[in-house]
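What follows is a set of notes on a single structure, which appears directly below.
The values are calculated or read from the model by the stated rules, or taken from the named source; none is laboratory data. Note that the structure is predicted; figures quoted are calculated from it, not measured. Neighbour counts are summed over all protein chains in view; Cβ atoms, including those assigned to glycine, are modelled from backbone coordinates with ideal geometry.
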Amino acid sequence: MLHDKTIGVIGAGHIGNAVIGGLLRAKLTSPKNIFASRKNSENLEELTKTFGVHVTTDNKKVARSSQILILAVKPMNAKEVLNDIKEVVSPSHLIISVMAGIRTSFINSFLEVSCPVIRSMPNTPVLVDAGATAISKGNFANDEHLKIAHTIFKSVGTVEVVPESLLDAVTGLSGSGPAYIYMVIEAMTDGGVKMGIPRQIAFRLAAQTVFGASKLVIETGKHPAILKDEVTTPGGTAIAAVHELETHGLRTMLINAVSTATVRSKELSKIIEENDN
Ligand SMILES: NC(=O)c1ccc[n+]([C@@H]2O[C@H](COP(=O)([O-])OP(=O)(O)OC[C@H]3O[C@@H](n4cnc5c(N)ncnc54)[C@H](OP(=O)(O)O)[C@@H]3O)[C@@H](O)[C@H]2O)c1
């Protein structure tokens, strides 16, 4: 599906790099079909060394050379980049944006082109091919475009298709979610240290516990409550800890965290789009 396409990545930073790596590792395309840009030329050398793709600081050149254009700059650089490519983008380009908070309709109206736009919300585990990405299609995109974006993000993890109206909630859940889990790993490590386990051992045990529990949920498909019940022996240690977590409102805290981040995502989206700089 992608072998006959040229792919441009404008803003080949963490996420852009991860996507390039995923595409090449999955052999979905070859380096000669990939064109990548960054702001600073010294950062591009590494990209050529690692992937052998074409690199440049000229975003127009990337847009001219590519049929699929992945926009992976920070949201604050969105207008600058859209300005750069405005005169080059045509209705036959497929734009895939990973820029948080930038609506597909904003991209179309800024570019003044009715090209298909897919908006995505990946998360940082795409760096280790374990990302959770949600994708949505804009007004001019069809299922074929969605399929292309799905294939691209599948190379770095799992993909869900959602209406664009849910992308702020996705930002609150899986986009920002790694931060919540890092806090859990850090806190469980501290708990182990408090009880006398050397920090490095406690850290490895905590991280692997989160990884293993997730794997079990995903691979068994069992409801997490059932898996929790399976590890809580009557009168045992786990149920004593679960009681402690319930007392402090762990579940309410996490529900509130997702909803607060969702609200913040909507606010930021407005600020970015309304800001004229
Ligand atoms: N990280 C996450 O958890 C996450 C999750 C979901 C979505 N996103 C979205 O993904 C996007 C990228 O995030 P990131 O973490 O990958 O950021 P990043 O590592 O800072 O990468 C952004 C890249 O954009 C380049 N850039 C800046 N201005 C440019 C310009 N005018 N032309 C071309 N390239 C330009 C930078 O180049 P230089 O390095 O050379 O300056 C940098 O390589 C953001 O929009 C973010 O909202 C991130």
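Take the residues of segment 16-40 that are among the β-branched types (Val, Ile, Thr) and outside any helix (DSSP H, G or I): which is nearest to the ligand (Cβ to nearest atom)? Don't jump to the end; show me each part of the working.
Residues of segment 16-40 that are among the β-branched types (Val, Ile, Thr), as a first pass: 19-20, 29, 34.
Now narrow it down to the ones that are outside any helix (DSSP H, G or I): 29, 34.
Numbers: THR29: 20, ILE34: 15 Å.
Result: ILE34.
Residues that are in a helix (DSSP H, G or I), of a type in the set (Val, Ile, Thr) and surrounded by 14 or more Cβ atoms within 10 Å (Cβ to Cβ) do occur in segment 229-241. So, VAL19, is that one within 20 Å of GLU144 (Cα to Cα), among the hydrophobic types (A, V, I, L, M, F, W, C) and more than 22 Å from the chain's Cα centre (by Cα) or not? So VAL19 does not fit the description; no. When VAL128, VAL113, VAL156 are screened for being in the same structural domain as LYS86 (by TED's automatic domain parsing) and touching a helix residue (DSSP H, G or I) at 6+ places or on another chain (Cβ under 7 Å), only VAL156 passes. When each of ILE197, ILE185, ILE181, ILE201 is tested for being assigned to a loop (DSSP other than H, G, I, E, B), farther than 25 Å from SER109 by Cβ and of a type outside the set (D, E, K, R), the lone residue that passes is ILE197.
Does at least one position in segment 267-277 carry a residue that is assigned to a helix (DSSP H, G or I), loosely packed, with under 10 Cβ neighbours inside 10 Å and without any contact (Cβ under 8 Å) to a residue 40 or more places away in the chain? Within segment 267-277, one or more residues are assigned to a helix (DSSP H, G or I), loosely packed, with under 10 Cβ neighbours inside 10 Å and without any contact (Cβ under 8 Å) to a residue 40 or more places away in the chain.
Hey, does segment 44-53 have a residue that's within 13 Å of the ligand (Cβ to nearest atom) and of a type in the set (Gly, Ala, Ser)?
So the first thing to find is which residues in segment 44-53 are within 13 Å of the ligand (Cβ to nearest atom), and the list is 44-47.
Then drop every residue that is not of a type in the set (Gly, Ala, Ser), which leaves none.
No: segment 44-53 contains no residue that is within 13 Å of the ligand (Cβ to nearest atom) and of a type in the set (Gly, Ala, Ser).
Evaluating LYS194 against the criteria (1) without any contact (Cβ under 8 Å) to a residue 12 or more places away in the chain; (2) under 24 Å from LEU166 (Cα atoms) leaves one unmet condition, (2). Can you pull out every residue in segment 15-59 that is exposed (fewer than 13 other Cβ atoms within 10 Å of the Cβ) and touching a residue at least 40 places away in the same chain (Cβ under 8 Å)? If the condition is that a residue be exposed (fewer than 13 other Cβ atoms within 10 Å of the Cβ) and touching a residue at least 40 places away in the same chain (Cβ under 8 Å), then ARG25 is the only one that fits.
Yes/no per residue for (1) surrounded by fewer than 21 Cβ atoms within 10 Å (Cβ to Cβ); (2) more than 22 Å from LEU24 (Cβ to Cβ):
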| residue | (1), (2) |
| --- | --- |
| VAL62 | no, no |
| LYS79 | yes, yes |
| SER105 | yes, yes |
| PHE110 | yes, yes |
| SER114 | yes, yes |
| SER120 | no, no |
| ASN139 | yes, yes |
| THR151 | yes, no |
| GLU160 | yes, yes |
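Whether any residue in segment 93-110 is in a loop (DSSP other than H, G, I, E, B), within 12 Å of the ligand (Cβ to nearest atom) and on the phi > 0 side of the Ramachandran plot is what I want to check.
Yes; the residues of segment 93-110 include at least one that is in a loop (DSSP other than H, G, I, E, B), within 12 Å of the ligand (Cβ to nearest atom) and on the phi > 0 side of the Ramachandran plot.
Scoring VAL89 on the criteria (1) closer than 17 Å to SER269 by Cα; (2) more than 11 Å from the ligand (Cβ to nearest atom); (3) surrounded by 19 or more Cβ atoms within 10 Å (Cβ to Cβ) leaves a single failure, condition (1).
In the set ALA187, ALA130, which member is without any contact (Cβ under 8 Å) to a residue 40 or more places away in the chain, over 15 Å from ARG103 (Cα atoms) and exposed (fewer than 14 other Cβ atoms within 10 Å of the Cβ)?
Details: ALA130 fails: exposed (fewer than 14 other Cβ atoms within 10 Å of the Cβ).
Just a single option satisfies the conditions, and that option is ALA187.
Got at least one residue in segment 86-98 being of a type in the set (S, T, N, Q), at pLDDT 95 or above and within 16 Å of the chain's Cα centre (by Cα)? Yes; the residues of segment 86-98 include at least one that is of a type in the set (S, T, N, Q), at pLDDT 95 or above and within 16 Å of the chain's Cα centre (by Cα). Checking the structure you have, find out if any residue of segment 196-205 is over 25 Å from the mean Cα position of the chain (by Cα) and on the phi > 0 side of the Ramachandran plot. Scanning segment 196-205 turns up at least one residue that is over 25 Å from the mean Cα position of the chain (by Cα) and on the phi > 0 side of the Ramachandran plot. For segment 191-206, the tally of residues that are surrounded by 14 or more Cβ atoms within 10 Å (Cβ to Cβ) and closer than 19 Å to LEU250 by Cβ stands at 2.
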